[in-house]
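Everything below concerns the one structure shown next.
The values are calculated or read from the model by the stated rules, or taken from the named source; none is laboratory data. Everything numeric here is computed off the predicted structure, so don't read it as measured data. Using ideal geometry, Cβ is built from the backbone for each residue, glycine included, and neighbour counts are taken over all protein chains shown. Note: accessible area is taken over every heavy atom of the protein model, side chains too, but ligands, DNA and RNA are not part of it. Shrake-Rupley method; radii C 1.70, N 1.55, O 1.52, S 1.80 Å.
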Amino acid sequence: MEKEDVVIVGAGPAGLSAAIFTQLDGWSTLVLEANWVGGQGTIAYTVNSYPGFPPGDGAVLMNYMEKQVSSPPPDGVGAELKRESVLSIDTKNLVVTTEAHQYQAKAIILATGSTMQKLGVPGEDKFVGKGISYYAKRDYKQFAGKKVLVVGGGNSTAKSALVAKSKANEVILVHRRESLKAYPAMTKRLQKEGIDIWYNTEVREIRGNSQVKTAVVINNETAEQKELAIDWVIICVGTEPNTKLVQETGIEMEGRFIKVDSQMRTNIEGIFACGEITPGHRHLITAAAEGASAGMAASEYLALQMVKKGEMFEGAKNGKYASEYLAMLS
Ligand SMILES: Cc1cc2nc3c(=O)[nH]c(=O)nc-3n(C[C@H](O)[C@H](O)[C@H](O)COP(=O)(O)OP(=O)(O)OC[C@H]3O[C@@H](n4cnc5c(N)ncnc54)[C@H](O)[C@@H]3O)c2cc1C
């Protein structure tokens, strides 16, 4: 079994930020990623709320973070990044199992984020990739001259609609409530760009042959139902936290999320969680900030474990964690 001081599960902004802090403190850090490094940040369109990053493509920001984590010093911190999907976590022995390996960790940081929620209507599963997407960025080049239906009401939905409109002939946004959750400025932009917004409208079914052809929509106030000719449907109705890994592990939950304290500690010693898998805001900057907190807390935890065993570590010699160190000795 391979040994690491810290194993981080998930290489989104939360996991990558945590890695910067643990590796900088001198703990060998391994980040495991099941899909693509950068997580949801990579599919964010124009990121305009990340301090110091000029409004731009989320993929660019995540590429910077990846380089900072994996490049050797002085360009980065030199943590290890591996493309492996974590299958299970032994919370008692701090063992992380992937398809390829088992890792013995001294601390584990969970940063598995979330995935796009499904609409749950007939036809949805059949047409994924054949006229249904969960975000516009990947497929927008195919929208040229087409009629696109966007489903949802938040800021991400509004951004999807704007991305679609940059190529499509016509974009209709349907939302089941009487107003959007998106910022008012965003709603104004949608109107300015000529995007039709249908309030109190729900999608009941998506139909077609080999490709999407129509969507059945219903006005939930008047119960009027119609079948709308459409080329593409973008479903953008929120996200679901990736908590499958922690089921039946003894890690305490708070609703759909992992419960953490202010230092991102779970109820199990040595296990931390950060980003969208925990309750709180759902932004790149908050995920990164929580990742940083989790990294610092894990680092401090490891240092104190050494002190408890009577071992010296560089941080203690340099005065880092001095108060905790002194408290241990008193
Ligand atoms: C379309 C879209 C647009 C957005 N736009 C913006 C924006 O403009 N500004 C903004 O601030 N925020 C935006 N967000 C939100 C932002 O991207 C998220 O809040 C942020 O990425 C959450 O970070 P995270 O690290 O917690 O999780 P994620 O980014 O979800 O990363 C989690 C990672 O963990 C991996 N993982 C999961 N399970 C496992 C496993 N078992 N083994 C190994 N790896 C695993 C996943 O593959 C993923 O890469 C947007 C989100 C979306 C979907």
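Listed values, structure above:
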{"read-out": "From the options THR22, THR91, residue that is touching a helix residue (DSSP H, G or I) at 6+ places or on another chain (Cβ under 7 Å), under 24 Å from ILE268 (Cβ atoms) and not aliphatic (A, V, I, L, M)", "value": "THR22"}
{"read-out": "Residue check for GLY113: within 15 Å of the ligand (Cβ to nearest atom), under 30 Å from ILE271 (Cβ atoms) and at pLDDT 95 or above", "value": "yes"}
{"read-out": "Single residue of the stretch 8-49 satisfying the filter (among the small types (Gly, Ala, Ser) and more than 6 Å from the ligand (Cβ to nearest atom)) that is farthest from MET296 (Cα to Cα)", "value": "GLY38"}
{"read-out": "Yes/no for ALA292 being open to solvent by less than 60 Å² (accessible area, probe 1.4 Å) and within 16 Å of the ligand (Cβ to nearest atom)", "value": "yes"}
{"read-out": "Pairs, first assigned by TED's automatic domain parsing to the domain that holds LEU302 and assigned to a loop (DSSP other than H, G, I, E, B) in the stretch 267-282, second open to solvent by 30 Å² or more (accessible area, probe 1.4 Å) and of a type in the set (Asp, Glu), C-beta under 7 Å, six or more apart", "value": "ASN267/GLU252; CYS274/GLU290; THR278/GLU290; PRO279/GLU254"}
{"read-out": "Matching entry among GLY56, GLY52 (being more than 9 Å from the ligand (Cβ to nearest atom) and open to solvent by less than 60 Å² (accessible area, probe 1.4 Å))", "value": "GLY56"}
{"read-out": "Complete set of residues in the stretch 218-237 that are within 30 Å of the chain's Cα centre (by Cα) and either part of a strand (DSSP E or B) or free of Cβ contacts under 8 Å to residues at least 12 places away in the same chain (or both)", "value": "TRP232, VAL233, ILE234, ILE235"}
{"read-out": "Qualifying residues in the stretch 1-15 (those that are farther than 12 Å from SER293 by Cα and under 22 Å from the mean Cα position of the chain (by Cα)) - the one surrounded by the most Cβ atoms within 10 Å (Cβ to Cβ)", "value": "ILE8"}
{"read-out": "Contacts under 7 angstrom Cβ, first residue in the stretch 16-27 being in contact (Cβ under 8 Å) with a residue 12 or more places away in the chain, partner of a type in the set (Ser, Thr, Tyr) and part of a helix (DSSP H, G or I), 6 or more apart", "value": "PHE21/SER299; THR22/SER299; ASP25/SER299; TRP27/SER299"}
{"read-out": "Tally, over the stretch 181-212, of residues that are without any contact (Cβ under 8 Å) to a residue 24 or more places away in the chain and either within 29 Å of ASP125 (Cα to Cα) or part of a strand (DSSP E or B) (or both)", "value": "1"}
{"read-out": "Odd one out for ALA185 among (1) away from the ligand (no atom under 16 Å from the Cβ); (2) out of contact with any strand residue (DSSP E or B) (no Cβ under 9 Å at 6 or more places or on another chain); (3) of a type in the set (A, V, I, L, M, F, W, C)", "value": "(1)"}
{"read-out": "Flag for ILE285 being in the same structural domain as THR42 (by TED's automatic domain parsing) and in a loop (DSSP other than H, G, I, E, B)", "value": "no"}
